[in-house]
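The values are calculated or read from the model by the stated rules, or taken from the named source; none is laboratory data. Predicted model only: the values in this text are computed from it and were never measured. Positions of Cβ are backbone-derived with ideal geometry, glycine not excepted, and every protein chain shown enters the neighbour counts.
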Amino acid sequence: MIPLKSLGRLVRPGLLVAMAVLMTGCDWALFDPKGQIAREELTLLITCTVLMLLVVIPVIVMTLVFAWKYRASNTNARYEPEWSHSTAIEVVVWSIPCMIVLVLAVLCWKSSHALDPYKPIEHEKPGIEIQAISLDWKWLFVYPEENVAVVNELTFPVDTPLNFRITSDTVMNVFFIPHLGTMIYSMAGMETKLHLIAEETGTFPGRSAHYSGYGFNKMYFDAHSVSDAEYQQWLGKLRADGKTLDQAAFTALGAEKNHDWYPVTYYSSVETGLFDWLVERHMGDNHHFGMKHDAAAGGHDAHAGHAVEAAPAAAVEASAEAVSGEHAGHAAQPQADAHAGHGASGE
């Protein structure tokens, strides 16, 4: 029978080869940037990894070397049972990690501001606004400047800043195009922003990166980076073959809880302010988080004030009379009791 150690040594190379073969079919989208933001994020990822490996690799190597050198069978190894401290070792062990942490802190501080998803991309060409709305289980993209919309397909001109406004009509979700970088959440009643740019033409997969229900695995789309001429042709096709997207059509679209992939659907015209209407619809009376509502500043008192102003005058007067009568009744009762008491005492 083959010993377990010998069997492990024989099987290990085969496992490594099999893993290498299987991983060749993986889509390394994060390591294949197609835009400025994705490229800068990849540089940051590699830089941080290398800096951390400056500590990890020496520790692993020294662990193996020490284990081999000071094994029980090595009688030539130096034996110092009374040794307890070395200033030189302490300096090396603490100074190098501290310097690496300091470099990482400065690097992450700068990159967190430079790669802020809310920060517009500076470019000679004007940006395009795209409103991305997550539904169950599909993505709706509205182009307000072009007055068109499309479901499960995103098309934009290459080398042009993309200014995304993102929200949700249902549960929380995540908008993500790995080749272009940066994922960001979509939440009902709130608006998030994202700025991306594609520096190459091609088709890049987009997806939802947050589990949101039964049809979550079908919540993906293709992002097409095309030339300016092809973009205009796509807009012409969309306007010719599309339908009208108003509040009623949007409500019907959201009511379709598709479990399979929802087909690409074109809308040749969009009701003005549809995105803002959707955000407002889910906000209700919760006007917080910097939303443009005066009632938010006043809190409960402001809401109460608005309620009083909205109440009919007759109802307010009736309420006032009822309150006055109630107070008068309460005031008269103690007085009557008091007089009755005095009368009894006199008798």
Report summary line: Out of (1) touching a Lys or Arg at 6+ places or on another chain (Cβ under 7 Å); (2) touching a residue at least 40 places away in the same chain (Cβ under 8 Å), the one Leu54 does not meet is (1)
Requested in this report: With the condition kept exactly as written, say whether any residue in the stretch 133-147 is exposed (fewer than 13 other Cβ atoms within 10 Å of the Cβ) and assigned by TED's automatic domain parsing to the domain that holds Asn258.
Outcome: yes
Query raised in the report: Can you find even one residue in the stretch 122-145 that is basic (Lys, Arg) and out of contact with any Gly (no Cβ under 9 Å at 6 or more places or on another chain)?
Result: yes
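Based on this model, can you work out whether Glu40 counts as within 29 Å of Asp159 (Cβ to Cβ), of a type in the set (Asp, Glu), outside the structural domain of Ala198 (by TED's automatic domain parsing) and out of contact with any Pro (no Cβ under 7 Å at 6 or more places or on another chain)?
So Glu40 fits the description; yes.
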Report task. Report, by residue number, each residue of the stretch 166-186 that is closer than 26 Å to Thr43 by Cα, in contact with a Phe, Trp or Tyr (Cβ under 9 Å, 6 or more places away or on another chain) and of a type outside the set (Ser, Thr, Tyr). Result -> Val174, Phe175, Ile177, Pro178, His179, Leu180, Met183, Ile184
Query raised in the report: Picking from Tyr231, Tyr267, Tyr214, which residue would you name as being of a type in the set (Ser, Thr, Tyr) and within 18 Å of Ser168 (Cβ to Cβ)?
Result: Tyr214
Requested in this report: Note down all Cβ pairs under 7 Å where the first residue falls in the stretch 238-251 and is at pLDDT 95 or above, the second is part of a strand (DSSP E or B) and of a type in the set (Val, Ile, Thr), and they're at least six residues apart or on different chains.
Outcome: Leu245/Val270
Query raised in the report: Is one or more of the residues making up the stretch 167-190 hydroxyl-bearing (Ser, Thr, Tyr) and in contact with a Pro (Cβ under 8 Å, 6 or more places away or on another chain)?
Result: yes
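Out of everything in the stretch 264-278 that is in contact with a strand residue (DSSP E or B) (Cβ under 8 Å, 6 or more places away or on another chain) and part of a loop (DSSP other than H, G, I, E, B), what residue ends up being surrounded by the most Cβ atoms within 10 Å (Cβ to Cβ)?
So the residue we want is Glu271.
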Report summary line: Of the residues in the stretch 193-214, those that are without any contact (Cβ under 8 Å) to a residue 60 or more places away in the chain and of a type outside the set (D, E, K, R) come to Thr201, Thr203, Ala209, His210, Tyr211
Report summary line: Scanning the stretch 181-219 residue by residue, those crowded, with 21+ Cβ neighbours inside 10 Å and of a type in the set (Ser, Thr, Tyr) turn out to be Ser186, Ser208
Report summary line: Considering residues that are among the aliphatic types (A, V, I, L, M) and in contact with a Lys or Arg (Cβ under 8 Å, 6 or more places away or on another chain), the number found within the stretch 185-203 is 1
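Conditions (1) more than 17 Å from Tyr262 (Cα to Cα); (2) outside the structural domain of Ser134 (by TED's automatic domain parsing); (3) charged (D, E, K, R), marked per residue:
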{"site": "Lys193", "(1), (2), (3)": "yes, no, yes"}
{"site": "Glu199", "(1), (2), (3)": "yes, no, yes"}
{"site": "Ser212", "(1), (2), (3)": "no, no, no"}
{"site": "Ala229", "(1), (2), (3)": "yes, no, no"}
{"site": "Gln233", "(1), (2), (3)": "yes, no, no"}
{"site": "Ala240", "(1), (2), (3)": "yes, no, no"}
Query - Residue check for Phe221: among the aromatic types (Phe, Trp, Tyr), out of contact with any strand residue (DSSP E or B) (no Cβ under 7 Å at 6 or more places or on another chain) and outside any loop (DSSP other than H, G, I, E, B) - result: no
